[in-house]
1. What does the helix-only formula give at 222 nm for the chain: each DSSP H stretch with n ≥ 4 adding -39500 (n - 2.57), the total divided by the residues, and the result rounded to the nearest 500 deg cm²/dmol?
2. Hey, what does the equivalent ellipsoid look like for the stretch 94-197, semi-axes from the Cα gyration tensor as sqrt of 5 times each eigenvalue, largest first, whole Å?
3. Between Arg181 and Arg19, what length in nm is gained on full extension when 0.36 nm per residue of separation is reduced by their alpha carbon distance?
4. Please arrange Lys138, Lys116 by accessible surface area, largest first, computed with a 1.4 Å probe and ligands excluded.
5. Taking 0.36 nm per intervening residue step and subtracting the Cα-Cα distance, what contour gain separates Glu10 from Gln169 on full extension?
6. Once you place label points 7 Å from the Cα toward the Cβ at Lys73 and Arg190, how far apart are they in nm?
7. Tell me the accessible surface of His42 in square angstrom (1.4 angstrom probe, heavy atoms of protein chains only), to the nearest ten.
8. For the stretch 1-98, what does the accessible surface come to per residue with a 1.4 Å probe? Please give it in Å².
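The values are calculated or read from the model by the stated rules, or taken from the named source; none is laboratory data. Remember, it's a predicted structure, so these values are computed and weren't measured experimentally. When we count neighbours, we look across all protein chains shown, and the Cβ atoms used for this are built from the backbone with ideal geometry, even at glycine. Note: areas computed on protein heavy atoms with side chains; ligands, DNA, RNA excluded. Shrake-Rupley method; radii C 1.70, N 1.55, O 1.52, S 1.80 Å.
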Amino acid sequence: MGMVLVGEPETRRTEYFLRAAGELHKPVQFVDWQTAGGMEFHGDVVKLDPPSYKSSDLFQMKDHLTSFHRQMKQLEKAGGIFLNPPCEILRLLNKRQCKEILMENQVPVTEMLEYKIENTEQLIEAMKRHRIYSVFIKPVYSSGAAGVTAFRLAPGQGRVMAYTSCVLQREELVNTKKLRRMENAPEICRLLDAVLSLGAVVERWHPKASFGGKSYDLRVVWQFGRCEFVVARSSSGPVTNLHLNNSPLAFSDLGLSEKVIFKINSVCEKAMSCFPELRMAGIDVLLERGSLKPKIIEMNGQGDLMYQDIFYENRIYRRQVEWMAQRKADGDR
């Protein structure tokens, strides 16, 4: 019985996880995703990091995700003791399913519109029906802001506006690392039709709390029953993902009251209780402007890479290695 990391070579995730294992003198076998198919773990304690894809075309990413689902289903039967089981990672990867589970358990979340909206015409009809004129559109299966579009409609004026990091080029929907603002209605409609064709969730664009003149939300890494790390992600625009050149803030700098921090922890704990087999998740939390009430935006069963941690204490990965080593020791008895 051993400890195994399935991931990509030469990535920050792999480098710093193996560094944590080395510092703790715990041997970990690394397995490349390229060779993980058909593996048998024979009771090994296993962590599954996400694969990376070179393509930035979201239409192609749909095919990659199909392959990823197939691999995860195979690994589910490989006999391992998983840090996060493949089935739970997949449940969180499906944004709609994850949010529905949270809602069924009365966890406060950002509001989701109709189950299925397949084109811009249906989107605008739904927004007018609900009198919600600012929304986020997100592919059901995506991460890192891929395909995410913030869309605003001025009712009665016919004016529209969108913020997104993706661009429609010929037959490709290309994800970039730059957020851009769009105001040309036909161009926006073509883009939204493309994003919605992937299968998407539509959510109310809730006003976020602000700090230093910028709005922010939180990425919480929750593992082994407690909050392990929090970073605030601030932006002058609506999309806060840090890889879009947005600014990370130390959680302590926000000056939040103990009452608000308690509520954040309580909401995250309740969200994690909906997925009892998960040991870790990256949880995106919105604090409502004014009230600072926390709402879950989404959860990620592989959302534990925090540069603000790995370059300093690396405690997220150290705790994971310690947990895996303990499970290995228990199994060896």
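1. Details: 9 runs with 111 residues, N = 333.
Estimated from H runs of four or more residues: -10500 deg cm²/dmol.
2. Details: eigenvalues 103, 67, 27 Å².
So the three semi-axes of the stretch 94-197 are 23, 18, 12 Å.
3. 54.3 nm
4. So, going from the largest accessible area down, we get Lys116, Lys138.
5. Values: separation 159, 0.36 × 159 = 57.24 nm, distance 3.05 nm.
Working it through step by step, the gained length comes to 54.2 nm.
6. Rounded to a tenth, the inter-label distance reads 3.6 nm.
7. 150
8. Details: 4680 Å² over 98 residues.
Heavy-atom SASA per residue in the stretch 1-98 reads 48 Å².
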